[in-house]
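K.L.:
What follows is a single structure, and I will ask about it in a moment.
The values are calculated or read from the model by the stated rules, or taken from the named source; none is laboratory data. Note that the structure is a prediction, hence the values are computed from the model and not measured. So basically every Cβ, Gly included, is an ideal-geometry build from the backbone, and we count neighbours across all protein chains shown. Protein only, heavy atoms only, side chains kept; ligands, DNA and RNA dropped before computing areas. Shrake-Rupley method; radii C 1.70, N 1.55, O 1.52, S 1.80 Å.
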Amino acid sequence: MNADSAALLRARYRREKLPSIAESPVIRTLMAHRSVRAYLPDPLPEGALEAAIAAAQSAATSSNLQCWSVVAVEDAARKARLAELCGHQKHIVEAPLFLAWIADLSRLERIAEAQDSGRESLDYLEMFMVALIDTALAAQNAVAAFESLGLGTVYIGGLRNHPVEVAKELHLPPLSVGAFGLCVGAPDPAHPADIKPRLPQAAVLHREHYDAAREAELIAQYDADANQFQIEQGLPERAWSSTMARRIAGLRGLSGRDVMRAALETLGFALK
Ligand SMILES: Cc1cc2nc3c(=O)[nH]c(=O)nc-3n(C[C@H](O)[C@H](O)[C@H](O)COP(=O)(O)O)c2cc1C
C-alpha cells in the first residue's frame with residue numbers, strides 16, 4: 001500500500017489491524033479530511049470558488065431537481081452578523097469565505113408559477129428531505145474540491161440556530177432555508193488540524209443485513225481511540241460514547257433548534 005494511504009488509514013482508525021483498501025488520489029484526498037477552524041486572511045486563489053461550485057453541481061441530484069443554492073459571503077460585516085447568529089463562532093469571521101448552503105424549493109415554485117402548473121408536492125416533507133439531501137451531497141463535493149486544492153473548510157450547523165433571521169440576512173425567498181454553512185480558506189499553519197479518528201469500520205459497515213452484535217466492543221475500542229486523540233490535542237479526556245449520550249439526553253444539545261418545525265413553517269415549508 002502507498003505509504004500516504006497507510007498513514008491516513010492509521011490516523012483514521014488507529015488500529016494495528018487496518019481495513020485493506022483500494023487506493024486512488026481521490027480516496028487519499030477524502031481520507032485526509034479534517035475540519036479547519038483557524039485560517040489565514042488570504043483570499044481564495046482565482047477560480048477556486050467556481051471550481052468547487054462546478055464540483056458541487058456535478059453531484060447527483062434527485063430527479064435532476066437541483067433544489068439547492070449557495071450564498072457566498074465575503075463581506076466582513078455580514079460574516080460577523082452571521083457568526084453571531086451561528087453561536088458566536090469566530091472561525092466564520094476569520095475565514096475569507098463563508099458559504100451558506102440553502103435547501104431551496106423556491107426555484108421550483110417560481111417555475112410552477114411561470115408555467116401555471118401547480119406546486120402541490122412542494123408542501124410535503126419528502127420534498128424538503130430531497131432538498132436537504134441534494135444540498136448535502138453538493139456541499140460535500142465542494143468540500144472535497146476545496147481540500148484537493150489545499151484549502152480548509154468547516155461545516156457550520158450553527159446556521160440552523162436562527163433560521164428565520166439567517167433568511168432575512170441573506171434575503172432568502174420563501175421555501176428556502178439555510179441548511180448549514182461552510183467556512184473556507186487557507187489553513188493557518190500555526191494552528192494545524194489533525195485527522196480525527198472514526199468508529200471502526202465494522203461498527204458502520206454491515207454485510208447483507210444489519211448486525212449490532214459486536215457494537216459494544218467496537219464502541220469501547222473507539223472510546224479509547226477518541227480519548228487518546230483528545231489527549232494528543234490537549235483537550236479534556238472524554239469517551240466518545242459518554243459525550244454522545246450527554247449530547248442526546250436533553251434538548252440542550254439542539255442549540256435552540258427544538259423549534260425547527262415552527263421556523264420552517266414560517267419560511268413557507270408545510271412539511272405535510
Ligand atoms: C452538518 C455539519 C455541521 C457542523 N457544524 C459545526 C459547527 O457549527 N461548528 C464547528 O466548529 N464544527 C461543525 N461541524 C464539524 C464537526 O464537528 C466535525 O466534522 C466532526 O467533529 C468531525 O471532525 P473532522 O471533520 O475534523 O473529522 C459540523 C459538521 C457537519 C457535517
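K.L.:
Right, residue 106: away from the ligand (no atom under 12 Å from the Cβ), among the small types (Gly, Ala, Ser) and free of Cβ contacts under 8 Å to residues at least 60 places away in the same chain or not?
P.N.:
Answer is no for this residue.
K.L.:
In the stretch 1-29, what residues are open to solvent by less than 60 Å² (accessible area, probe 1.4 Å) and among the small types (Gly, Ala, Ser)?
P.N.:
Result: 5, 6, 7, 11, 24.
K.L.:
Here's something else I'd like to know. If residue 198 meets every condition in (1) open to solvent by 50 Å² or more (accessible area, probe 1.4 Å); (2) without any contact (Cβ under 8 Å) to a residue 24 or more places away in the chain; (3) in contact with a helix residue (DSSP H, G or I) (Cβ under 6 Å, 6 or more places away or on another chain) apart from one, which number is that one?
P.N.:
(2)
K.L.:
Ok, one more. What number of residues in the stretch 33-53 are open to solvent by less than 50 Å² (accessible area, probe 1.4 Å), in a loop (DSSP other than H, G, I, E, B) and under 21 Å from residue 93 (Cβ atoms)?
P.N.:
4
K.L.:
Another question about this same structure. For the stretch 10-32, how many residues are within 30 Å of residue 227 (Cβ to Cβ), part of a helix (DSSP H, G or I) and either touching a residue at least 12 places away in the same chain (Cβ under 8 Å) or in the same structural domain as residue 89 (by TED's automatic domain parsing) (or both)?
P.N.:
Here the count works out to 8.
K.L.:
Within the stretch 220-237, does at least one residue satisfy the condition of being more than 30 Å from residue 109 (Cα to Cα) and aromatic (Phe, Trp, Tyr)?
P.N.:
Checked against the condition, which is being more than 30 Å from residue 109 (Cα to Cα) and aromatic (Phe, Trp, Tyr), the stretch 220-237 yields at least one hit.
K.L.:
Turning to a different aspect of this structure: Given the conditions (1) open to solvent by 80 Å² or more (accessible area, probe 1.4 Å); (2) assigned to a loop (DSSP other than H, G, I, E, B), and given that residue 265 satisfies all but one, which numbered condition is not satisfied?
P.N.:
The failed condition is (2).
K.L.:
Considering each residue of the stretch 183-225, count those that are away from the ligand (no atom under 16 Å from the Cβ) and over 13 Å from residue 13 (Cα atoms), and give that number.
P.N.:
Matching residues across the stretch 183-225 total 17.
K.L.:
Only one residue in 246, 214 is surrounded by 10 or more Cβ atoms within 10 Å (Cβ to Cβ) and not assigned by TED's automatic domain parsing to the domain that holds residue 40. Which one?
P.N.:
214
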